[in-house]
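Written out below as structure tokens is the structure these notes cover.
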Amino acid sequence: MNLTGQLLISMPSLQDERFYKTVIYLCAHSKDGAMGIIINKKIDYDLYPDLLEQLGIDRPLNNKKLFIRYGGPVESGRGFILHSDEIIQKESLTIDKGIALTSTAEFFENLSKGKGPKNSILALGYAGWGAGQIEKEILANSWMTLSTDSSFLFDEEVNNKWLQAYNLLGIDPNKLSNHSGTA
């Protein structure tokens, strides 16, 4: 099972406040573990002016939109840019379907000058799992998975993204059982 480039959607029964009603884009998944960016937890510009200044980002120029998200509990003081792949660097991680992840000072600087990719999300921190951990959580009924495209990732709608993800699956999350079985 390789979930790179897929969404993880938390089940309604997942009570961990760090992941309650989250939608996570998986940037990497292998036998060694997984790494993803939470895409539906918005952060206000005004809450992190010092960090944004350190990253060289005031407000993006040239009408390019930059969305800031709480990317996850791991390294929450570090910035990661999930973006469309028309602009990449040799350090960029190409993920899937025109999407990449970059975390270099030069890339942040380009964003601050309005020279970044068409679509981007600045994520503070990331979600990470050790070897076999995400697979066990999926089997324990903590997550649903979904293939998606960049329009879902990079749209401005954040508040309803969890419910929208379930709608794409054709599932009403309010009708899901909190218990899983084995067949």
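FYI, it's all coordinate maths here, none of it is from the lab. Quantities reported herein were computed from a predicted structural model and do not represent experimental measurements. Because the Cβ atoms are built from the backbone with ideal geometry, glycine has one as well, and the counts that use them run over all protein chains shown.
Pairs with C-alpha atoms separated by more than 31 Å, drawn from the list Lys31/Lys161; Lys31/Lys97; Lys118/Lys175, are Lys118/Lys175. Couplings for region 7-15, taken from phi via the Karplus curve 6.51 cos²θ - 1.76 cosθ + 1.60 with θ = phi - 60°, read 9, 9, 10, 5, 6, x, 7, 6, 9 Hz in order; Gly and Pro are left as x. Packing-based ranking of 157-166, 4-13 yields 4-13, 157-166, ordered from highest to lowest mean Cβ neighbour count within 10 Å.
Shape index of region 118-167: Rg/Rh, with Rg the Cα radius of gyration and Rh the Kirkwood radius from the inverse mean 1/r over Cα pairs, equals 1.01. Distance between the pseudo-spin-label points of Glu91 and Glu106 (7 Å out from Cα toward the beta carbon): 0.8 nm.
Note on region 96-181: Rg/Rh from Cα positions, Kirkwood definition for Rh, rounded to two decimals, is 1.04. Summarising the amide proton neighbourhood of Met11: residues at separation of 5 or more, or on other chains, whose placed amide H is nearer than 5 Å comprise Trp143, Met144.
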